[in-house]
1. Suppose the chain between Leu118 and Ile100 were pulled fully straight at 0.36 nm per residue; how much longer would it get relative to their current alpha carbon spacing?
2. Using a 10 Å cut-off around each Cβ, can you sort Arg31, Arg8 from fewest to most neighbouring Cβ atoms?
3. Where in the stretch 66-99 is the amide nitrogen less than 15 Å from a point lying 7 Å along the Cα-to-Cβ axis of Leu111?
4. If we count other beta carbons within 10 Å of each Cβ, what is the order of Thr50, Thr102, Thr6, fewest first?
5. Find which of Val93, Val47, Leu12 sits farthest along the positive direction of the dipole of the stretch 4-101, computed with +1 on the beta-carbon of Lys and Arg, -1 on that of Asp and Glu, about the Cα centre.
6. For the stretch 5-76, what are the per-bin percents of Cα-Cα distances with bins 10 Å wide, up to the bin holding the maximum?
7. Can you list residues whose amide H is under 5 Å from Ile56's amide H, if they're 5+ apart or on another chain and H is modeled 1.01 Å from N?
8. Could you give the size of the charge dipole of the stretch 23-65 about its Cα centre, using +1 on the Cβ of each K and R and -1 on the Cβ of each D and E, expressed in debye and rounded to the nearest 20?
Amino acid sequence: MKKNLTLRKVGLFYQAFDEDAEILHYLFNYRMVKGVVGFPNNALSKVLNTLEEKKISYHVIGDEEINKDFKNINSYSSYLMKAKNKVVVGERVEKILKKIDTLKEEQLIELLDKIEELINESE
């Protein structure tokens, strides 16, 4: 199983792919398009600082190669699990929003009443 997050420099941006992109999406809410997340060069230090704070091992491929291996305390796997959960929840929300767009006004009002009731019960 993969144990480090890889960032690749592409022009004026860094990109991460697949599971690495999911982790960056989770941590920074960066937009993920077809399994790819990109961010500008000037955000690299912010990203690396957060990866180090979270103890996520990483490898940067760019003007220079940077490797950080947290060995036994590497939390890549646990953040990947959290990221995958966020992606699944996001996909569910998108499906619900598409269905809501098709509702008639009275159905929408009824649905909103039920949602508000559930939220108020949980407070």
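1. Numbers: separation 18, 0.36 × 18 = 6.48 nm, distance 1.74 nm.
Net length gain for the segment: 4.7 nm.
2. Details: Arg31 11, Arg8 15.
Going from sparsest to densest Cβ surroundings: Arg31, Arg8.
3. Once the point is set 7 Å along Cα→Cβ of Leu111, 92-99 turn out to lie under 15 Å by backbone N, inside the stretch 66-99.
4. Details: Thr50 13, Thr102 8, Thr6 16.
Fewest to most other Cβ atoms nearby, the residues stand as Thr102, Thr50, Thr6.
5. Sorting the options by dipole projection puts first Val93.
6. Each 10 Å bin holds this share of Cα pairs: 21, 59, 19, 1.
7. Ser75
8. Details: 5 positive and 5 negative charges, 70 e Å.
In total the dipole reaches around 340 debye.
All of the numbers you see were taken from the coordinates with simple rules; none came from a lab. Note that this is a predicted model, so its numbers are computed, not measured. Counting neighbours? That spans all protein chains shown, and the Cβs are built from the backbone with ideal geometry, glycine included.
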